Amino acid sequence: MKKVGVLALQGDFAAHGAAVERAGASPVYVLDRQQFKEIDGLILPGGESTTMLKLLHIDGLYESLREFGEKKPVFGTCAGAILMAKEVSNPTQQSFGMMDIAVERNAYGRQIDSRVVDIEPGDEFGKRTAPGKLEAVFIRAPIIRDTRHGVKVLAEYAGDPVLIEQGRHLAATFHPELTQDDRVHRLFLAKL
Ligand code: GLN
């Protein structure tokens, strides 16, 4: 069985662990850089990206994670997607640059900063998993403002990309781990 690391410093890592199990792999809660050796892929959960960044700089986790992403698949949701981006605004902060995208944090504004919507993913998503709408939970989500060469958009909401892929990496601005639909996690497992 494939082992999927879930960065467990902060945020909704437990929900990701449960989704990984439902999708047919075994979760490893990563808190120590030694654990990168035993996992086939890594999930960066939702939470607060600034806090995660601070915690990542303790004990050299940041550098080990960056190196892991050079060889193995990484899947980021919401704050995790912010950490994977090449450019972060509102405000700017350090990021891994694993995906050639520019993201704006908390971009849906204060009034309607969280919502649950049904989105219609592109045909390719249905072919690679199973067809049908996706329930997308947005919580103080970023908006992907720019996608550059090599980035494939798998689903959009209100004209903006919300599920994207670049090579071995995957990112979502919503939270598939908070629904019972495990197709997005299965899509990631298929990349390991
Ligand atoms: N607003 C958070 C951030 O900027 C992300 C929110 C989330 O992960 N649900 O890091």
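The values are calculated or read from the model by the stated rules, or taken from the named source; none is laboratory data. In this text, all values refer to a predicted model and were calculated from it rather than measured experimentally. Because the Cβ atoms are built from the backbone with ideal geometry, glycine has one as well, and the counts that use them run over all protein chains shown. SASA here: full protein model, heavy atoms, side chains in, ligands and nucleic acids out. Shrake-Rupley method; radii C 1.70, N 1.55, O 1.52, S 1.80 Å.
Filter region 110-127 down to the residues that are open to solvent by 30 Å² or more (accessible area, probe 1.4 Å), part of a loop (DSSP other than H, G, I, E, B) and not β-branched (Val, Ile, Thr) and list them by number. Scanning region 110-127 gives 110, 111, 113, 120, 122.
Could you list, in sequence order, the residues of region 128-149 that are more than 15 Å from the ligand (Cβ to nearest atom), in contact with a helix residue (DSSP H, G or I) (Cβ under 8 Å, 6 or more places away or on another chain) and in a strand (DSSP E or B)? Within region 128-149, 134 is the sole residue that qualifies. Candidates in region 58-87 are the residues that are open to solvent by 10 Å² or more (accessible area, probe 1.4 Å) and assigned to a strand (DSSP E or B); of these, the one that is farthest from the ligand (Cβ to nearest atom) is 86.
A Cβ distance below 8 Å, combined with a sequence gap of six or more or placement on separate chains, defines the contacts here; from region 25-43, residues that are in contact (Cβ under 8 Å) with a residue 60 or more places away in the chain and part of a strand (DSSP E or B) reach residues that are among the hydroxyl-bearing types (Ser, Thr, Tyr) and surrounded by 21 or more Cβ atoms within 10 Å (Cβ to Cβ) in the pairs 43/77. Within region 95-103, identify whether any single residue is more than 20 Å from residue 7 (Cα to Cα), loosely packed, with under 13 Cβ neighbours inside 10 Å and away from the ligand (no atom under 14 Å from the Cβ), and answer yes or no. So far as region 95-103 goes, no, none of its residues is more than 20 Å from residue 7 (Cα to Cα), loosely packed, with under 13 Cβ neighbours inside 10 Å and away from the ligand (no atom under 14 Å from the Cβ).
Has region 23-39 got any residue that is touching a Leu at 6+ places or on another chain (Cβ under 8 Å) and within 16 Å of the ligand (Cβ to nearest atom)? Within region 23-39, none of the residues are touching a Leu at 6+ places or on another chain (Cβ under 8 Å) and within 16 Å of the ligand (Cβ to nearest atom).
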